[in-house]
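What follows is calculated from the coordinates using simple rules that are stated; it is not laboratory data. Predicted model only: the values in this text are computed from it and were never measured. FYI the Cβ positions are ideal-geometry reconstructions off the backbone, even for glycines, and counts take in every protein chain you see.
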Amino acid sequence: MDPWVQAGAAEIARQAVRHLEALVSVSSPSGDVHGAEECASVCAALLPAEAEIERIPCSSPGHAPDLLARLSGTGTRRILLLGHLDTVVAHTEHRPLTRDGDRLIGSGSVDMKGGVVLSLGAMRQLVERSQDYAEAALLLVCDEEWRRGPLTHVDRFAGWDACLCFEGGERTREGDDAVVVRRKAAGTIKVTGHGRAAHSGSAPDRGRNALLALGVAAEAVAACHDPQGPHRLTAVPTVLNAGEAFNVVPGHGELFCDLRADELVAIEAVLDAIPVEHGGVRLERELIRRWPGMHSEAAVGSLLERASVALGRPVVATSRGGASDASHLAAAIPVTVDGLGPRGGAAHNPDEFVLEASLAGRAEVALATIDAALAG
């Protein structure tokens with residue numbers, strides 16, 4: 001293993017649990033300004049003194065500013081490290097970090113505060129490599145979990161040499177370290193039912209039941225689910241809200257559906273499968289969230305070869321269905337690699353965890369990939 005990779009990863013791992021505990025202790029659901037500001041303060045304290053820290057407007061209105069930390073060097077390469085500080089966990093359900101054997105359990109631990117900890121450690125190690133880059137930057141956004149629109153920072157980093165994102169890592173079935181080079185596009189369909197309320201006991205037939213119509217819309221979306229098909233489309237109704245009282249025909253309601261596919265066009269086609277009317281209820285359909293797919297496999301082949309040499313063991317490319325900010329950057333930075341964070345599981349669930357034993361190994365993978373990116 002490359003000496004810089006080995007020594008740097010050991011130093012990152014030595015402090016990682018303590019740093020993860022500090023970051024996970026902050027409840028930071030997406031959109032909560034106070035939680036995001038507290039997380040940003042923790043991160044600023046863990047960055048090297050040489051980093052120039054800037055707060056830049058978030059892509060989503062009403063959110064705290066994103067954090068951008070930059071190191072300047074005397075080389076020519078420009079690399080971007082990427083992560084997010086927000087979680088999906090509400091304040092009332094937040095869990096600070098606890099230990100259960102090798103599992104470090106806590107809200108947002110693997111998605112993605114564990115990865116943020118490794119990225120901060122990587123920035124500290126990059127200080128001594130200033131001759132190898134013109135600029136090394138870390139962008140931590142505050143709205144990844146719930147953003148509907150585009151990532152507004154893409155143009156700022158267009159044409160950089162590499163983007164390295166620290167979402168949770170994984171292994172192949174053979175036990176090799178894997179990084180993500182391909183992601184599905186993601187979309188959220190919102191269907192609004194416009195019916196008519198009526199007393200469900202004395203005049204039920206005068207109503208137009210939005211709940212039933214939205215149920216038909218949900219079935220139409222679910223019928224498009226085809227994960228083994230040509231577009232690998234997953235179409236899952238996830239939230240249905242209708243009605244305000246137990247004795248009133250619901251006159252209004254909303255349905256949300258989560259969709260993933262290799263390309264956005266397959267997701268957009270699902271809109272046409274939803275009827276515009278059912279049982280006298282008008283169904284208003286819209287795609288409120290569009291995330292592009294990520295297809296970096298052709299551009300990162302040589303980078304992963306160099307990373308494998310620096311690591312002293314294989315770094316294997318893999319794909320993932322979940323969305324990530326890396327997908328937005330990949331269109332502007334062809335050499336984009338994701339999944340550099342620690343291994344864990346149960347993301348978005350109460351028992352979300354990071355495997356402590358993975359922290360050192362995944363820090364090695366991250367630094368080896370950075371070393372490969374700096375080599376060009």
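Structure data summary
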| quantity | calculated |
| --- | --- |
| Dipole axis of the chain (+1 Lys, Arg; -1 Asp, Glu on Cβ), positive-most option in ALA363, LEU240, SER28 | LEU240 |
| Rounded to the nearest 20 debye, dipole of the chain from Cβ charges on Lys, Arg, Asp, Glu | 340 debye |
| Backbone HN-Hα couplings from phi across the stretch 139-147 [Karplus 6.51/-1.76/1.60, Hz, Gly and Pro as x] | 10, 10, 9, 10, 9, 4, 6, 10, 5 |
| Length released on extending from ARG70 to VAL309, taking residue separation times 0.36 nm less the Cα-Cα span | 83.3 nm |
| Amide N of the stretch 81-114 lying under 14 Å from the label point, which is placed 7 angstrom from the Cα of VAL239 along Cα→Cβ | 88-90 |
| Charge tally in the Cβ shell below 10 Å around GLY83, where Lys, Arg are +1 and Asp, Glu are -1, GLY83 excluded | -2 |
| Against the rule of thumb 2.2 N^0.38 Å, how large the Cα Rg of the stretch 167-259 comes out | 1.60 |
| Gaussian network model of the chain, springs between alpha carbon atoms under 10 Å - residue of ALA122, ALA136, ALA269 with greatest fluctuation | ALA269 |
| Residue among VAL221, VAL249, VAL26 with the largest mean-square fluctuation in a Gaussian network model of the chain, springs linking Cα atoms under 10 Å | VAL249 |
| Radius 12 Å from Cβ of ARG232, net charge of other residues (Lys, Arg +1; Asp, Glu -1) | +2 |
| Radius of gyration, Dmax [the chain; alpha carbons; angstrom] | 22.6, 80 |
| Sites ARG14 and GLU219 - FRET efficiency at Förster radius 51 Å, r taken between beta-carbons, to 0.05 | 0.45 |
| Theoretical gain in end-to-end length, ALA134 to ALA44 [0.36 nm per residue, Cα-Cα removed] | 30.3 nm |
| Distance from the stretch 88-155 to the stretch 257-291 (C-alpha centre basis), Å | 32 Å |
| Helical contribution to [θ] at 222 nm, DSSP H n ≥ 4, -39,500 (n - 2.57), averaged over the chain, rounded to 500 | -9000 deg cm²/dmol |
| Most fluctuating residue given options GLU174, GLU50, GLU21, as computed from a GNM of the chain linking Cα atoms under 10 Å | GLU174 |
